[in-house]
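Please treat every number below as a calculation from the coordinates, not as lab data. In this text, all values refer to a predicted model and were calculated from it rather than measured experimentally. Don't worry about glycine lacking a Cβ; one is built from the backbone with ideal geometry, like all the others, and counts go over all protein chains shown.
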Amino acid sequence: MKRFSGRVAVVTGGGGGIGSAICQRLAEEGAHVVVTDMNAVAAQEVVNKIVTNGGAAYAIEADISDSRSCTDLITQVMNKSRRIDILANNAGINRRGNLLALTEDDWHTSFAVNLNSMFYLCRAVIPHMIKAGGGAIVNTASQWGLYPAPNHIAYNVTKAAVASFTQNLARDYAPYKIRVNAVCPGEIRTPMLEAGVMRAGKTVADLDRLVPFGRIGNPGEVAALVAFLASDEAQFMCGSLVEITGAQAVA
Ligand SMILES: NC(=O)c1ccc[n+]([C@@H]2O[C@H](COP(=O)([O-])OP(=O)(O)OC[C@H]3O[C@@H](n4cnc5c(N)ncnc54)[C@H](O)[C@@H]3O)[C@@H](O)[C@H]2O)c1
């Protein structure tokens with residue numbers, strides 16, 4: 001029996017490294033997946049892969065930093081699929097730098113993409129989940145939102161806010177059987193990470209050596225955790241911030 005048969009899942013940043021793995025994992029387990037991303041080509045590629053493998057998915061292009069785009073996105077999904085059982089708020093950006101290195105645009109855009117999108121999307125989705133009698137929301141925070149890494153103040157502060165947003169939402173909507181949890185990954189090998197590694201003049205092997213488990217994580221490992229939190233197996237998990245780090249401490 002597949003865990004997500006008959007369920008509809010919306011995944012933001014679905015065209016990216018971790019997002020595409022989440023989409024594929026949920027689809028493999030029977031979900032009808034809405035792959036949404038501002039990169040329409042990447043989102044469509046993920047849909048094509050899912051459909052080729054016998055799953056069900058469609059793509060919607062949306063810039064989730066914009067309130068109107070978020071409400072339009074959810075309206076489109078409700079019109080087409082009639083329900084939303086799972087919302088994976090995964091999209092995010094990482095503007096690097098300490099306070100003096102960052103521009104105002106870096107700061108505001110980080111909040112717009114990493115945090116405000118969750119406010120807009122949850123506000124649009126939760127009324128439908130309440131009507132349906134429940135649902136699952138899984139937010140992608142970061143280990144760096146719990147323990148800040150140096151020189152990433154905008155990223156770290158937005159992810160700390162995502163952690164608090166998750167706990168707040170969980171407390172307010174648990175009575176409606178809406179479970180809200182967050183994953184807090186350490187270093188995961190994705191285009192976002194590889195871009196940062198290159199900019200810092202390092203290699204992935206350099207990062208691997210810093211992890212007690214012997215290597216950084218891969219997107220499929222985060223996707224497996226997201227799938228668990230979204231599933232009925234995690235029935236009593238609500239308001240949890242789950243780290244997935246290979247035992248690496250933030251240095
Ligand atoms: N890679 C890591 O090491 C790591 C660690 C901890 C947390 N995370 C988090 O995991 C999530 C996914 O990261 P990733 O590494 O897969 O990055 P990624 O860059 O591969 O994917 C991010 C996706 O989000 C999309 N996106 C960005 N801005 C958007 C917007 N305004 N509207 C719609 N889509 C937008 C991008 O087009 C991209 O497809 C992020 O929230 C990130 O902060 C990543």
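Quick notes
- Annotation: VAL157 fulfils all but one of (1) more than 14 Å from the chain's Cα centre (by Cα); (2) buried (at least 21 other Cβ atoms within 10 Å of the Cβ); (3) of a type in the set (Val, Ile, Thr); the unmet one is (2).
- Criterion: out of contact with any strand residue (DSSP E or B) (no Cβ under 9 Å at 6 or more places or on another chain) and more than 10 Å from the ligand (Cβ to nearest atom) - qualifying residue of VAL180, VAL211, VAL197, VAL204: VAL204
- Residues in region 58-70 that are within 15 Å of the ligand (Cβ to nearest atom) and either aliphatic (A, V, I, L, M) or surrounded by 15 or more Cβ atoms within 10 Å (Cβ to Cβ) (or both): ALA59, ILE60, GLU61, ALA62, ASP63, ILE64, SER65, ASP66, SER67, SER69, CYS70.
- The residues of region 30-46 that are assigned to a loop (DSSP other than H, G, I, E, B) and under 27 Å from MET1 (Cα atoms), listed by number, are GLY30, ALA31.
- Residue that is surrounded by the fewest Cβ atoms within 10 Å (Cβ to Cβ) [pool: residues in region 72-122 that are within 14 Å of the ligand (Cβ to nearest atom) and polar (S, T, N, Q)]: THR109
- Cross-chain or 6+ apart pairs with Cβ under 8 Å, region 12-37 first and free of Cβ contacts under 8 Å to residues at least 40 places away in the same chain and over 15 Å from GLY217 (Cβ atoms), then away from the ligand (no atom under 13 Å from the Cβ) and among the polar types (S, T, N, Q): ALA27/ASN53; GLU28/ASN53; GLY30/SER5
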